[in-house]
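These notes concern the structure reproduced below.
Computed from the coordinates by the stated procedures, all read-outs in this text should not be read as laboratory data. Please read all numbers here as calculations on a predicted model, not as lab measurements.
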Amino acid sequence: EEPAVELGDREAVEGQPVARVASRLTWPQEASRVRAKEGDSVLRTPGGPRSLDGVLDEIDETYFDSRQTFVRSVRTVVGDGPVETEN
């Protein structure tokens, strides 16, 4: 049988979703610990790939009480929408 959904050949997308990064951490978490553990991660954003370290520089929070708070804070900085593909 053929797969129910064809994946096809598409352009690659650099980086990873913020939800994937957030899932590798336990919560609550201090921003400095997030930076130490995942700061070198590259995130997929509507404006192109961005390092988590750079995004954290733009977030005023020093403590994330939950995964949702972290994801919301990141999305406030990077936006939420379609992600550009690599050219």
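Proximity of backbone amide H atoms, modeled 1.01 Å from N, is registered between TRP27 and no other residue at under 5 Å, excluding neighbours fewer than 5 places apart on the same chain. The H on the amide N of TYR63, modeled in the peptide plane, is under 5 Å from the matching H of ALA31, each at least 5 residues off or on a different chain.
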